[in-house]
């Protein structure tokens, strides 16, 4: 919404539209924040409970961290909005290079 100016010529309609979009955006951010707090509590619980082994706990926490990163990118950093295609391309390219690098070094060390 920041990159695109909507102007219908009627100031009342424009203000109402912006209020509606801002309220919707705030609702998404609050729900995302609540889910991230919940995921953090699950991660702490997985470490606190002694019944889980490290072979379960570590990948589980990494999975929860990846989910939280996705929530932060799409809802707090507004990557889901139009006009963010170039930053998304660079971000995903960096993630791909990082994953390939980790995979390469892991296979070199383990085999």
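None of the figures in this text is laboratory data; all of them are computed from the coordinates on show. All values reported here derive from a predicted model rather than from experimental measurement. As a convention, Cβ positions derive from the backbone with ideal geometry for all residues, glycine included, and neighbour counts pool all protein chains shown.
Compared with the dominant principal axis of the Cα atoms in the chain, helix 85-110 is inclined by about 0°.
Based on the alpha-carbon gyration tensor of the chain and its eigenvalue square roots a ≥ b ≥ c, which shape applies: rounded if a/c is under 1.5, prolate if not and a/b is larger than b/c, or oblate? Oblate. Ranked by the mean number of other Cβ atoms within 10 Å per residue, highest first, peptides 27-36, 101-110 order as 27-36, 101-110. What does the extension gain come out to for residue 56 and residue 109, with contour length at 0.36 nm per residue minus their alpha carbon separation? Taking 0.36 nm per residue and subtracting the Cα distance, the gain is 16.9 nm. Reducing segment 59-107 and segment 24-57 to their Cα centroids gives an inter-centroid distance of 18 Å.
Considering helices alone, the calculated mean residue ellipticity of the chain at 222 nm is -26500 deg cm²/dmol, with DSSP H runs of length four and up weighted by -39500 (n - 2.57) and normalised per residue. Placing dummy labels 7 Å off each Cα toward the beta-carbon, the span from residue 73 to residue 28 is 1.5 nm.
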